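Reading through the structure tokens given below for one structure.
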Amino acid sequence: MMEIGEARAQGALVLAPAGRLDSVSSGELERHALARLDAGERRVVVDLAGVEYISSAGLRVLLVMAKRLKPPTGALVLCGMGPGVRTVLELAGFLSLFAVEPAREQALARIEAMPAS
């Protein structure tokens with residue numbers, strides 16, 4: 001079972017999954033995230049610092065979130081990626097699809113400046 005930390009900061013929801021984000025656990029993150037989006041969340045930071053591995057199933061969850069949070073009605077920023085996770089996103093061509101920051105503080109500053117209604 002994947003642990004998903006959740007916090008609110010600077011008007012944004014911060015989701016912090018921990019462990020492996022793969023075909024076994026990605027459904028849990030997707031259900032958790034989409035429940036928050038369905039409840040009206042429009043500014044989301046996903047802190048990947050606790051994710052040690054991400055598969056194509058995990059990438060798909062991030063894409064689903066990105067589609068739901070497209071500007072101008074939403075904003076999504078990824079942060080805290082370790083080198084392994086960052087490499088997977090880079091090789092999949094996903095880095096250009098997301099706003100990415102090295103740490104949560106920078107991600108919160110960036111999302112605060114992004115338009116979302």
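Brief remarks follow.
- List Arg110, Arg36, Arg8, ordered by accessible area with a 1.4 Å probe, largest first: Arg8, Arg110, Arg36
- Here segment 5-97 is assigned +1 on the Cβ of each Lys and Arg and -1 on the Cβ of each Asp and Glu. Its dipole about the Cα centre then comes out at about 320 debye.
- Computed label-point distance, nm, for sites Arg20 and Glu105 using a 7 Å Cα→Cβ extension: 3.4
- The stretch between Arg8 and Arg31 holds 6.4 nm of extra length on full extension. This uses 0.36 nm per residue minus the Cα-Cα distance.
- Selected from Ala49, Phe94, Pro71, residue furthest toward positive end of dipole (segment 47-117; charges at beta carbon): Pro71
- Taking 0.36 nm per residue of separation and subtracting the current Cα-Cα distance, fully stretching the chain between Leu97 and Ala39 would add 18.4 nm.
- MRE, 222 nm, helices only [DSSP H, n ≥ 4, -39500 (n - 2.57), over the chain, to nearest 500]: -11500 deg cm²/dmol
- Values of log10 I(q)/I(0) for segment 1-67 across q = 0.12 Å⁻¹ run -0.26, by the Debye formula with one identical scatterer at each alpha carbon and no solvent.
- With all protein chains kept in place, the per residue accessible area of the chain amounts to 50 square angstrom at a probe of 1.4 angstrom.
- FRET efficiency, Thr87 to Val64 (Cβ-Cβ, R0 25 Å, nearest 0.05): 0.70
The values are calculated or read from the model by the stated rules, or taken from the named source; none is laboratory data. Predicted model only: the values in this text are computed from it and were never measured. As a convention, Cβ positions derive from the backbone with ideal geometry for all residues, glycine included, and neighbour counts pool all protein chains shown. Just so you know, the surface numbers come from the protein's heavy atoms only, side chains and all, with ligands and any DNA or RNA stripped out. Shrake-Rupley method; radii C 1.70, N 1.55, O 1.52, S 1.80 Å.
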